[in-house]
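The values are calculated or read from the model by the stated rules, or taken from the named source; none is laboratory data. Just so it is clear, the structure is predicted and the values come from calculations on it, not from any experiment. No Cβ is skipped: glycine too gets one built from the backbone with ideal geometry, and neighbour counts run over all protein chains shown.
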Amino acid sequence: MNKPRILVVYYREDDPGKNTSLKLIRKGFATLVKPFNIKGKPIVLNPFSNNYLIPKHREYVDKYGLIVVDASWRKLSIDKFINIKGIHLKLPPLIPGNPVNYGKPCILSSIEAVASSLYITHYFETYYELIKLYKWMKTFDDLNKELLEQYSRVNNQEELEKIIKQYWSKETPC
């Protein structure tokens, strides 16, 4: 099975000792990149996008990779994404399992965002490898397994939005 190419744009805004994207790099799952060095049309995880990541986007991950922008949620703005070339997509709502933002919908750590993207785009083997990197990633998996499974089966944005409305009932949290 193909290993996904995971790229990290790192803004150095959090404690490097606790930074999950740096651990992805140290463990050989990801590569650090500068926005101006990006080639092709990778998937850029961007919470400000109007469109969601769905399984059909795997072809872009296969060909060009997946970019996670590592920045503090407190300092995050659309400006951090402007110069990053690629297809900008947001993740559907999920519940963080990380100790900092546990239970606050949509405020995922970088590793949670990457793992979710990989599950949705059917990189199940790598998803399960990432789950092992932190004890709390098992909590993330437990909290989101049903949703991730549903998200990974959709064929288009409309089907995904229907699942989101059914699950989150009132208003989409992100």
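Pick from segment 135-174 the residues that are outside any helix (DSSP H, G or I) and within 15 Å of PRO96 (Cα to Cα): which of them is modelled with the lowest pLDDT?
PRO173
Output yes when any residue across segment 99-111 is modelled with pLDDT of 95 or more, among the small types (Gly, Ala, Ser) and crowded, with 19+ Cβ neighbours inside 10 Å, and no when none is.
Checked segment 99-111: no residue is modelled with pLDDT of 95 or more, among the small types (Gly, Ala, Ser) and crowded, with 19+ Cβ neighbours inside 10 Å.
Which of (1) touching a helix residue (DSSP H, G or I) at 6+ places or on another chain (Cβ under 6 Å); (2) surrounded by fewer than 21 Cβ atoms within 10 Å (Cβ to Cβ); (3) closer than 23 Å to LEU32 by Cβ; (4) free of Cβ contacts under 8 Å to residues at least 40 places away in the same chain does TYR127 not meet, given it meets every other one?
(2) is the only condition that TYR127 fails.
When the residues of segment 79-114 are narrowed to those that are β-branched (Val, Ile, Thr) and within 15 Å of PRO42 (Cβ to Cβ), which ends up farthest from the chain's Cα centre (by Cα)? Show your work before the answer.
So the first thing to find is which residues in segment 79-114 are β-branched (Val, Ile, Thr), and the list is 82, 84, 87, 95, 100, 107, 111, 114.
If we keep only those that are within 15 Å of PRO42 (Cβ to Cβ) as well, we get 84, 87, 114.
On the way: ILE84: 16, ILE87: 13, VAL114: 4 Å.
Selected residue: ILE84.
Quick check on my filter: what residues within segment 100-121 are part of a loop (DSSP other than H, G, I, E, B), touching a helix residue (DSSP H, G or I) at 6+ places or on another chain (Cβ under 6 Å) and more than 15 Å from LEU24 (Cβ to Cβ)?
Within segment 100-121, THR121 is the sole residue that qualifies.
So, LYS132, is that one modelled with pLDDT of 95 or more, loosely packed, with under 14 Cβ neighbours inside 10 Å and closer than 21 Å to ALA30 by Cβ or not?
Taking the combined requirement at face value, the residue satisfies it.
Would you tally the residues in segment 112-146 being in contact with a Leu (Cβ under 6 Å, 6 or more places away or on another chain) and aliphatic (A, V, I, L, M)?
3
Just for segment 52-78: of the residues that are closer than 19 Å to LYS34 by Cβ and within 14 Å of the chain's Cα centre (by Cα), which one is surrounded by the fewest Cβ atoms within 10 Å (Cβ to Cβ)?
In this case the residue turns out to be ALA71.
Determine, yes or no, whether ASP14 is outside any strand (DSSP E or B), modelled with pLDDT under 90 and surrounded by 20 or more Cβ atoms within 10 Å (Cβ to Cβ).
When the stated conditions are applied, ASP14 passes them.
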